[in-house]
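Before any comments, here is the structure.
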Ligand code: FES
Ligand code: MG
């Protein structure tokens, strides 16, 4: 009953639906309660559509409708589409942080794909953590796989101006705290910021990930940038449905596309678009699933001398709609093609270089030329030193140039609660040269490594006109955020990393040029402090369930914050029947 091209093994769906015994009856009969006639079980490719639609993930709220377009394409190409839900992670809604659950969604996706009789899968995601989690889970099964993203919201609008998701939230909230904006205006901006379905329309984590997915060849061209409500995204979903059926027939698996070269392309593109720091933990985790040796240092090495070409918030001025109309990612990749592996295979069946060969740029203000970049040196800087033996990162595009070489006295907060209680205390011993240090916000500590690294500045300094300070933590920051913020310090303080023993008044030296971050105390004193260190945080409330499993097994930021036992793959074959 199968026309599988894989020698030896019939298709996964045929292993279930093609049987003429009791097991085949069970697999088919219950599916027929959905109105499926006999002939759809004739050995055609069965395509799972993994949907993270949810009303609690507003960024993914268009995916229910988009799935219908994928199905049209699958039917048209002679496949059988079957949609299934997966846990949805709403970045703006979930406590303590959606990142805590990325690996849980990855587990769910992996087991849903692996356990069901499907031959290929289309991943529907958008909001920050959903797509990385889906790719991680799918990578551990390795079926033919394609991604359709939610797409960005329309540009935000407020009082005749374009405003950007997230980026302007941080600005407006500081303006309210500094007494420069009324609460009424603040709430009016809230309504204008998110005025259509879709993901954050700045170059935040969601648009970063959808762009990198396109760069890695896992989606059709323009998936990264097409606005969520643009009819061409529906057409892209339709074409994806057609194409995944072909990929199953040709047995082109996810790992055939997602190679080391594809990951390197993603790192280079991330620099050129001014992408989120969160790309670091997601790409490292994806590589870990595929057994690809990718290291934190690769981000610094591969993005050195890559110019920032895309003038989007938070690093620049424009928004995703503008970026798309200017030509989108193909236009960017065409400009840096010398730094890309252009022979990388994509799901479209065309090598990346051929795919971008005719790409046009329609607006050089938004997608800059190489001789007029937003910033000549973009990307992620990876720092080393006695304060971060396993590394830390900073996004120089988001920072104040003068703070990229800075030495100052530490003002230390032992936890996020300690920070919130004291940051606006008029007696806090802090000035604009101080270095704000936040502990307890790493993967294990918070738990979940939240986006709090861009901690707001002390009110008394905001009132003096200070707009940026050097900040250091084991947390992440939102891809929509900006500031001179050193993130992902590893090992984290709650795992006994040196960050744990920084004290008020210690001198901290940061040199961006040298990629160094050090605590200016002697080796002997550091060793003594570390030997004496005890985790003094109150007993964790996370003593059971998934969160306990997470805390016990999560890897540090330099390894992508996956659970240690989830690295690698289980593959797609499950021999035992259910009855
Ligand atoms: Fe969902 Fe930004 S909050 S994409
Ligand atoms: Mg985020």
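So what's the range 340-411 giving for Rg/Rh, alpha carbon basis, Kirkwood Rh from the mean inverse pair distance?
On the way: Rg = 18.8 Å, Rh = 16.4 Å.
Rounded to two decimals, Rg over Rh is 1.15.
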Unit Cα scatterers, Debye sum, the range 132-203: log10 I(q)/I(0) for q = 0.15, 0.22, 0.27, 0.28 Å⁻¹: -0.60, -0.91, -1.17, -1.22
Peptides ranked, highest mean first, by Cβ atoms within 10 Å: ranges 203-214, 401-412, 161-172: 203-214, 161-172, 401-412
Value of [θ]222 nm, deg cm²/dmol, for the chain, DSSP H segments ≥ 4, -39500 (n - 2.57) each, nearest 500: -10000 deg cm²/dmol
Nearest-0.05 FRET efficiency for residue 343 and residue 365, computed from C-beta distance (R0 41 Å): 0.85
Convex hull per residue volume in Å³, alpha carbons only, for the range 381-533: 100
Inter-probe distance in nm under a simple model that places probes 7 Å from Cα toward Cβ, at residue 40 and residue 523: 6.8
Burial ranking of peptide ranges 367-380, 15-28 (average Cβ count within 10 Å, highest at the top): 367-380, 15-28
Stretchable slack from residue 304 to residue 574, in nm (0.36 nm times residue separation minus alpha-carbon distance): 92.8 nm
Gain in span if fully extended, residue 195 to residue 427, counting 0.36 nm per residue against the direct Cα distance: 79.4 nm
Degrees, to the nearest 10: 523-532 long Cα axis against longest axis of the chain: 70
Sequence ranges 544-554, 311-321, 85-95, ranked by mean other-Cβ count within 10 angstrom, highest first: 311-321, 85-95, 544-554
Spacing of the two label points (7 Å from each Cα toward its C-beta) at residue 516 and residue 350, in nm: 4.9
Helix 205-215 vs. the chain, principal-axis angle (Cα, 0 to 90°, nearest 10): 50
Relative counts (whole %) of C-alpha pair distances in the range 44-142, using bins that are 10 Å wide: 18, 48, 29, 5, 0
Computed lengthening from residue 161 to residue 537, 0.36 nm per intervening residue step minus Cα-Cα distance: 130.9 nm
Estimated distance in nm for a label pair at residue 21 and residue 185, the labels positioned 7 Å out from Cα along Cα-to-Cβ: 7.4
C-alpha long axis of helix 260-273 to longest principal axis of the chain, angle in °: 50
Principal semi-axes in Å for the chain [√(5λ), Cα gyration tensor, largest first]: 42, 27, 22
The range 509-564 - Rg (one decimal) and Dmax (whole number), Cα, Å: 16.5, 44
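Coordinate-derived values only; no laboratory data. From a predicted model like this one, the values you see are computed outputs, not experimental measurements. Ideal geometry is used to build each Cβ from the backbone, glycine not excepted, and the neighbour counts take in all protein chains shown.
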